[in-house]
Structure formats: structure tokens, C-alpha cells
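Participant: One structure, pasted below without further comment.
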Ligand SMILES: *Cc1c(COP(=O)(O)O)cnc(C)c1O
């Protein structure tokens, strides 16, 4: 039994420290950064065998690279997937996972509440190549059901959603996809691989922006696609290899090392997010707080069934709309204004004027993005300092 087979029995924190490690003859303890484009073959016969697939070694870093392979292997062990492929960004992972599985004439059904660029891929890009798409209210199973056509090949969703933190029943949607002969792709960024396990809920493909919690310190872009060996080999592998959205070995090295601390960071950020959500809910000037594990969240029971924590994001509505939301954000000193998330630094964004600016006011309203809505990504600062920052900001913004 290989060491990584044994690692499948180990708990996630252990797998994230040891899984996938490939050691060079030097026996380095910390995983090596193989910053190389290509690989030398000892003989022409060896090169021939490698291209024929008879020898599993590396060929070219657009195809595969030892540092990238370590990252991919560590991700498969974390996710409980058979195979993974890393990409240059989360959007490269989403785009490849969708495009590689469809052809002209096919149809995709997706939840309307998608990360802005994911919405572009589904709504604008796929139809340009003859792949029709239908957007549905992800919480309404009937809408998924009635959107299905005989050409439907894929279902696509994010849960919890951005920025409304709506939670969708992944199990029921996966069952419906399979009854319809379609596959379910889940963008699991907001939940993180630790708090939600989409494969156990029936997903066929799981994608991440590794830029977010997996890096966790705001440095590198990256993405990853996880699925069965067969799906990766039949659909994803060649698409990535020939079109080239490869992850840089340097980024793979940063992300690989970050996986070692992912459980610590996500646990801490989730605990802080829950505490900040409860704090904000008590404040004058805050109309509503959305946090999946709070009892006042509309899908809290579902969230508690399918997630093991409420996540690191908190969304809330400030009374007084855009002006009050801007005053609050501008008054904060520790919490920074940024559209990113999953960073060690707490980040606050106003979706209506940034990430969701492209949408019409009606489209924003349909996914609950109002003028006073703010999305907070909770970082690794001391939670009491974050709460004090909000107390100060709220006094400045609302005079409370
Ligand atoms: C950030 C993000 C993406 C895109 O990832 P990049 O690494 O920025 O390309 C896709 N989906 C979700 C939910 C995200 O948060």
C-alpha cells in the first residue's frame, strides 16, 4: 500500500501536512519548488516511452510539474476525490470544467446567484458556442426540474452563494441532475473543502478558486478541478493540456504549503465569523445579518445538515443604504476594503457597486444584493479587535 493510500484513512489535518509529498534524492523536508518548464530524458527511447504514456514521468510543465502534482495530490486526499487538475486561477478551473464537458447543442442549468465571472461564462460565453443555458433560483428545486431539457448535460451551482450566503440542497439537486442524465458541478469556494464535502452529497465535479482560503494569505491566484479519474481523463485532462491554463509551479508551491495550515485558519476564521455575525445582529443600524449557522438564516437547518461550520463570510444590510454602508466601511481601520475573500486580513466589499455592478438593479434585487448590503470576509485578526473596529465604525456611520 502506498503512503498516500494510507493517508486516505488519516484525518484531514494530517493529510494536509504529509499528503502528496514527492521527495527528490536530497530528501528535503519542505516540499521542493520545481521551477522548470521542461524535463531532460536520458535517451531518445526514454522520450519516446514518456510520450507514449508507457513511462509516467514529466514531459512539460503545461501538462504537469512535480510541484503542481504535489498540490493536486494533496487536494485529492483532502477532498476524497480520485483525481485533480490545478489551473492558473479559479476562473480557469470553472471555465475548463464547464467547457470541457459540453459541445454545441448541449444545455446547462445553473443557479442565478453565481460569482460574477462564473455568471459571464454561463450566460454569455457558453451560448456563443452554441451551448444554451438557463438560470434558476437555486433554492427552488421545481425551477431546476422544469429547466431540464433532453440536451441538459450539466448543472452548476455555488453554495453558500456570493454575496447572499444562500444555501442550496446539494443532495437533492445532484439527484435531480442524475435522474436527468446530467452531471453536477459545484463551486465550493465559499464553504471551503473543510466545511462542506460536495462529493459525499452527490456532486460529480468540485471546483475551487485556490486564490481564496487555500492560499489564505492573499498572494497567489490558483484553481483546482476535482472529479473521478474517468471524468478527468475523458474530459478535463486533454482540454487543459492543449489549451494551457496551467498553474505556475511557484504558485503551486505556495498553495501546497498553505494547505498545511488550512484547517487552523478555517477553524479560527469560522469561529470569528460566527461571533461577529452575532455581534452585528445586535447592533442598531444593522437591518439584517446573513450567516448560514445563525438560526435566523432562512436555510440554517439545511446548512447545518450539509456543512460542518457556517463559514468565514458574513453578509449584512446596513440601514440607510449605500451612503450608510460607505460611511461604515470608510470608518473601519482594521477591516480593509477589498473584493477578495479568504485572506488572513478581514476584507469588506459593497457588492452593488463592485462585484455585482455589471448587473441591472432588477437582477441585483433578484439575488438580494441591495444598496446597503456589505460582505465581510473574516480574517485571522483577534476577533475582539475586529468587533471593536465595527463598534467604532458603526458609531461613525450611524451615530449608534
Ligand atoms: C474568486 C472566486 C472565483 C474565481 O476565482 P479566481 O481565482 O479569482 O479566478 C470563482 N468562484 C468563486 C465562488 C469565487 O469566490
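The values are calculated or read from the model by the stated rules, or taken from the named source; none is laboratory data. What you see is a predicted model, and the numbers here were worked out from it, not measured in a lab. Note that we place each Cβ from the backbone using ideal geometry, even for glycine, and neighbour counts take in every protein chain shown.
Participant: Determine which member of the set 139, 132, 86 is away from the ligand (no atom under 11 Å from the Cβ) and under 14 Å from the mean Cα position of the chain (by Cα).
Facilitator: Numbers: 139 fails: under 14 Å from the mean Cα position of the chain (by Cα); 132 fails: under 14 Å from the mean Cα position of the chain (by Cα).
Criteria check complete, one pass: 86.
Participant: Of all residues being farther than 22 Å from residue 267 by Cα and touching a strand residue (DSSP E or B) at 6+ places or on another chain (Cβ under 7 Å) in the stretch 295-331, which is surrounded by the fewest Cβ atoms within 10 Å (Cβ to Cβ)? Just the residue, please.
Facilitator: Ranking the candidates gives 319 first.
Participant: Just wondering, is there one or more residues in the stretch 199-206 that are assigned by TED's automatic domain parsing to the domain that holds residue 108, assigned to a loop (DSSP other than H, G, I, E, B) and buried (at least 23 other Cβ atoms within 10 Å of the Cβ)? Spell out the reasoning first.
Facilitator: Looking only at the stretch 199-206, we keep the residues that are assigned by TED's automatic domain parsing to the domain that holds residue 108, and these are 199-206.
Retained after the next criterion (residues that are assigned to a loop (DSSP other than H, G, I, E, B)): 202-204.
From what's left, buried (at least 23 other Cβ atoms within 10 Å of the Cβ): 203.
Yes, there is a match, as at least one residue in the stretch 199-206 is assigned by TED's automatic domain parsing to the domain that holds residue 108, assigned to a loop (DSSP other than H, G, I, E, B) and buried (at least 23 other Cβ atoms within 10 Å of the Cβ).
Participant: Is the stretch 175-198 home to any residue that is over 21 Å from residue 302 (Cα atoms), within 12 Å of the chain's Cα centre (by Cα), at pLDDT 95 or above and near the ligand (Cβ under 10 Å from one of its atoms)?
Facilitator: No, every residue in the stretch 175-198 fails to be over 21 Å from residue 302 (Cα atoms), within 12 Å of the chain's Cα centre (by Cα), at pLDDT 95 or above and near the ligand (Cβ under 10 Å from one of its atoms).
Participant: Let me ask something additional. Quick check: is even one residue across the stretch 44-52 closer than 19 Å to residue 212 by Cα and not in a loop (DSSP other than H, G, I, E, B)?
Facilitator: We begin by selecting, within the stretch 44-52, every residue closer than 19 Å to residue 212 by Cα; these are none.
Looking for residues that are closer than 19 Å to residue 212 by Cα and not in a loop (DSSP other than H, G, I, E, B), one finds none in the stretch 44-52, hence no.
Participant: On the given criteria, is residue 341 in a loop (DSSP other than H, G, I, E, B), more than 20 Å from the chain's Cα centre (by Cα), within 16 Å of the ligand (Cβ to nearest atom) and not assigned by TED's automatic domain parsing to the domain that holds residue 201? Walk me through how you get there before you give the answer.
Facilitator: Numbers: in a loop (DSSP other than H, G, I, E, B): yes; more than 20 Å from the chain's Cα centre (by Cα): no; within 16 Å of the ligand (Cβ to nearest atom): yes; not assigned by TED's automatic domain parsing to the domain that holds residue 201: yes.
Spelling it out, it is not the case that residue 341 is in a loop (DSSP other than H, G, I, E, B), more than 20 Å from the chain's Cα centre (by Cα), within 16 Å of the ligand (Cβ to nearest atom) and not assigned by TED's automatic domain parsing to the domain that holds residue 201.
Participant: So, one more: State whether the residues of the stretch 145-153 include one that is surrounded by 24 or more Cβ atoms within 10 Å (Cβ to Cβ) and either touching a residue at least 24 places away in the same chain (Cβ under 8 Å) or within 15 Å of the ligand (Cβ to nearest atom) (or both). Walk me through it before giving the result.
Facilitator: Residues of the stretch 145-153 that are surrounded by 24 or more Cβ atoms within 10 Å (Cβ to Cβ), as a first pass: none.
No: zero hits.
Participant: If you go through the stretch 353-368 one residue at a time, do you hit one that is crowded, with 21+ Cβ neighbours inside 10 Å and modelled with pLDDT of 95 or more?
Facilitator: No, the stretch 353-368 contains no residue that is crowded, with 21+ Cβ neighbours inside 10 Å and modelled with pLDDT of 95 or more.
Participant: I would also like to ask the following. If the requirement is being within 16 Å of the ligand (Cβ to nearest atom) and either part of a strand (DSSP E or B) or in the same structural domain as residue 230 (by TED's automatic domain parsing) (or both), which of these qualifies: 69, 104, 81, 93? Working first, answer last.
Facilitator: On the way: 69 fails: within 16 Å of the ligand (Cβ to nearest atom); 104 fails: within 16 Å of the ligand (Cβ to nearest atom); 81 fails: within 16 Å of the ligand (Cβ to nearest atom).
None of the others qualify; the one that does is 93.
Participant: Please work out which one of (1) crowded, with 16+ Cβ neighbours inside 10 Å; (2) more than 16 Å from the ligand (Cβ to nearest atom); (3) in contact (Cβ under 8 Å) with a residue 12 or more places away in the chain is the condition residue 50 fails and give its number.
Facilitator: It fails just one condition, (3).
Participant: Let me ask something else about it. Taking residue 166 as the residue in question, decide whether it is closer than 30 Å to residue 316 by Cβ, away from the ligand (no atom under 11 Å from the Cβ) and free of Cβ contacts under 8 Å to residues at least 12 places away in the same chain.
Facilitator: Details: closer than 30 Å to residue 316 by Cβ: yes; away from the ligand (no atom under 11 Å from the Cβ): yes; free of Cβ contacts under 8 Å to residues at least 12 places away in the same chain: no.
The answer is no for residue 166.
Participant: Can you name the condition, by its number, that residue 231 falls short on among (1) surrounded by fewer than 21 Cβ atoms within 10 Å (Cβ to Cβ); (2) farther than 28 Å from residue 30 by Cα?
Facilitator: Only one criterion is unmet by residue 231, namely (1).
Participant: Given the conditions (1) within 30 Å of residue 166 (Cα to Cα); (2) touching a strand residue (DSSP E or B) at 6+ places or on another chain (Cβ under 8 Å); (3) touching a residue at least 60 places away in the same chain (Cβ under 8 Å); (4) assigned to a loop (DSSP other than H, G, I, E, B), which single one is not true for residue 292?
Facilitator: With (1) within 30 Å of residue 166 (Cα to Cα); (2) touching a strand residue (DSSP E or B) at 6+ places or on another chain (Cβ under 8 Å); (3) touching a residue at least 60 places away in the same chain (Cβ under 8 Å); (4) assigned to a loop (DSSP other than H, G, I, E, B) applied to residue 292, the lone miss is (2).
Participant: Can you give me the number of residues within the stretch 18-47 that are surrounded by 15 or more Cβ atoms within 10 Å (Cβ to Cβ) and either closer than 17 Å to residue 252 by Cα or in contact with a strand residue (DSSP E or B) (Cβ under 7 Å, 6 or more places away or on another chain) (or both)? So that I can check it myself, show each step before the final result.
Facilitator: First, the residues of the stretch 18-47 that are surrounded by 15 or more Cβ atoms within 10 Å (Cβ to Cβ): 18-21, 31-34, 39, 41, 47.
Within this subset, residues satisfying the condition of being either closer than 17 Å to residue 252 by Cα or in contact with a strand residue (DSSP E or B) (Cβ under 7 Å, 6 or more places away or on another chain) (or both) are 18-21, 31-34.
Result for the stretch 18-47: 8.
Participant: Considering only the stretch 212-228, I want to know if a residue exists there that is away from the ligand (no atom under 16 Å from the Cβ), buried (at least 24 other Cβ atoms within 10 Å of the Cβ) and farther than 28 Å from residue 385 by Cα. Before the answer, list the steps.
Facilitator: As a first pass, look at the stretch 212-228 and keep what is away from the ligand (no atom under 16 Å from the Cβ): 227-228.
Now drop any that are not buried (at least 24 other Cβ atoms within 10 Å of the Cβ), which leaves 227.
If we keep only those that are farther than 28 Å from residue 385 by Cα as well, we get 227.
For the stretch 212-228, residues away from the ligand (no atom under 16 Å from the Cβ), buried (at least 24 other Cβ atoms within 10 Å of the Cβ) and farther than 28 Å from residue 385 by Cα: present.
Participant: While we're on this one: Picking from 167, 121, which residue would you name as being crowded, with 24+ Cβ neighbours inside 10 Å and outside the structural domain of residue 300 (by TED's automatic domain parsing)?
Facilitator: On the way: 121 fails: crowded, with 24+ Cβ neighbours inside 10 Å.
The unique qualifying residue is 167.
Participant: Among the candidates 181, 138, 216, 164, which residue alone is at positive phi and in contact with a strand residue (DSSP E or B) (Cβ under 9 Å, 6 or more places away or on another chain)? Give the steps one after another, and end with the answer.
Facilitator: Numbers: 138 fails: at positive phi; 216 fails: in contact with a strand residue (DSSP E or B) (Cβ under 9 Å, 6 or more places away or on another chain); 164 fails: at positive phi.
So the residue among 181, 138, 216, 164 that is at positive phi and in contact with a strand residue (DSSP E or B) (Cβ under 9 Å, 6 or more places away or on another chain) is 181.
Participant: Residues 122, 167: which one is part of a helix (DSSP H, G or I) and under 22 Å from the mean Cα position of the chain (by Cα)?
Facilitator: Details: 167 fails: part of a helix (DSSP H, G or I).
After applying the criteria, what remains is 122.
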